[in-house]
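Worksheet: one structure, shown below.
The values are calculated or read from the model by the stated rules, or taken from the named source; none is laboratory data. It should be emphasised that the depicted structure is a prediction, and the values quoted were computed from it without experimental measurement. Here the Cβ is made from the backbone with ideal geometry for all residues, glycine too, and neighbour counts use every protein chain on show.
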Amino acid sequence: MKINPSNKELYTDSGAFLKRLHCPISVMWKDMSENGSNTRMCSGCEKTIHDTEHLSDAELEHLLANDPQACLKVNLNQDNVKIFH
Amino acid sequence: MLFKRLLDIFRTNPNSQTKKVEITCTECGYPYDNEIEECLQCWYLKIVEDEASDKKSDNLRVIKTIRGETAIKAAKTKGLKLLELKAEVSDEFKVKYKKVQHRKTGEIITIGDFREGHGWEWKTLVNWTYKNPSKFFSSYAAYVIPNDLKKGEHVLINDVITNHVSGRWNQGDVFRLSKSEATWTGEDFYIDVSSYATGEFIG
């Protein structure tokens with residue numbers, strides 16, 4: 001996947017738009033409780049947040065096709081993320 | 001057909017796209033270059049003239065930022081309450097980029113990641129270069145403080161004046177916080193850096 005850090009738009013490596021990451025609640029990943037192998041529960045909204053570190057582009061597309069509002073966590077330093085401007 | 005091809009080549013010629021040309025603003029006479037869409041002096045004057053003082057985003061009141069002596073003088077003439085701050089360049093920030101062009105289509109893209117591989121079909125126009133995102137239109141800047149802003153009110157600042165690191169990347173980039181939530185202390189804004197930190201994105 002690829003992310004533009006200035007507008008937080010997430011794309012697949014082939015350039016397909018996935019989602020614009022935006023959250024008004026400002027809860028940090030480290031402050032969320034684990035509720036699955038790659039997910040955490042946000043205390044601010046009680047939604048499940050998916051860690052994209054171990055997800056392929058195809059898995060992300062599938063996840064967002066089923067739930068376009070699915071919340072994601074992306075860290076700039078994870079191996080499967082490239083940055084573009 | 002040949003004309004169209006020549007036009008395409010001209011349009012995608014890196015020199016024609018990156019050449020700086022100075023333009024004199026027809027409204028205020030201020031000189032600016034063709035790399036920006038609008039005269040910044042006029043842009044900040046429009047912010048001063050914008051009467052809507054209670055715009056909200058994510059249920060937070062948005063604090064307006066103005067830059068440049070002209071806009072600050074205009075704001076004072078209007079009687080607006082300002083918190084004036086110096087906009088300083090910090091060498092701490094650096095964002096890298098590389099411009100490449102597709103040899104067949106002429107498409108030009110900007111990449112920012114060393115791992116972004118491009119084959120022979122992409123020609124390098126600008127090799128890896130760092131730019132400092134803390135260079136501003138003017139060293140004079142101010143927040144417009146709403147008259148009814150209460151001490152402790154949480155607000156949103158779309159154009160932060162002071163320098164804060166919003167994230168560091170293990171490829172060397174250090175990002176500047178440009179937008180942030182903040183709390184009015186009665187005299188200044190306490191900038192909540194974590195609200196828009198760029199090391200980690202959730203949403």
Picked from the stretch B:84-104 (must be of a type in the set (A, V, I, L, M) and in contact (Cβ under 8 Å) with a residue 40 or more places away in the chain), the residue farthest from B:G167 (Cα to Cα) is B:L85
Given the criteria within 14 Å of chain A (Cβ to nearest Cβ) and within 24 Å of B:I66 (Cα to Cα), does B:V165 qualify?
yes
Note: among B:T129, B:T124, just one is β-branched (V, I, T) and under 24 Å from B:Y32 (Cβ atoms), namely B:T129
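Here is a yes/no grid of residues against (1) at pLDDT below 95; (2) aliphatic (A, V, I, L, M); (3) more than 21 Å from B:S178 (Cβ to Cβ):
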position: A:I3; (1), (2), (3): yes, yes, no
position: A:S14; (1), (2), (3): yes, no, yes
position: A:S26; (1), (2), (3): yes, no, no
position: A:E53; (1), (2), (3): yes, no, yes
position: A:A70; (1), (2), (3): yes, yes, yes
Scanning the stretch A:1-11 residue by residue, those free of Cβ contacts under 8 Å to residues at least 40 places away in the same chain and either part of a loop (DSSP other than H, G, I, E, B) or closer than 15 Å to A:N75 by Cβ (or both) turn out to be A:N7, A:K8
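Here are B:F175, B:F114: which of them is within 11 Å of chain A (Cβ to nearest Cβ), touching a strand residue (DSSP E or B) at 6+ places or on another chain (Cβ under 9 Å) and in a strand (DSSP E or B)?
Exactly one residue qualifies, and that residue is B:F175.
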Per the filter on the stretch A:27-74, residues of a type in the set (G, A, S), more than 12 Å from chain B (Cβ to nearest Cβ), closer than 18 Å to A:I3 by Cβ and in a loop (DSSP other than H, G, I, E, B) are A:S56
B:E121 being away from chain A (no Cβ under 14 Å) and not basic (K, R)
yes
Picked from the stretch A:12-26 (must be in a strand (DSSP E or B) and either under 11 Å from the mean Cα position of the chain (by Cα) or within 12 Å of chain B (Cβ to nearest Cβ) (or both)), the residue surrounded by the fewest Cβ atoms within 10 Å (Cβ to Cβ) is A:R20
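Give me a count of the residues in the stretch B:117-153 that are in a strand (DSSP E or B) and of a type in the set (A, V, I, L, M, F, W, C).
Of the residues in that region, 8 qualify.
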Inside the stretch B:101-150, the number of residues satisfying the requirement of being loosely packed, with under 13 Cβ neighbours inside 10 Å and small (G, A, S) is 2
Considering the stretch B:178-203, residues that are among the β-branched types (V, I, T) and more than 8 Å from every other protein chain (Cβ to nearest Cβ), and then whichever is nearest to B:V160 (Cα to Cα), we arrive at B:I191
The one condition B:L156 fails out of (1) surrounded by 18 or more Cβ atoms within 10 Å (Cβ to Cβ); (2) away from chain A (no Cβ under 14 Å); (3) not in a loop (DSSP other than H, G, I, E, B) is (2)
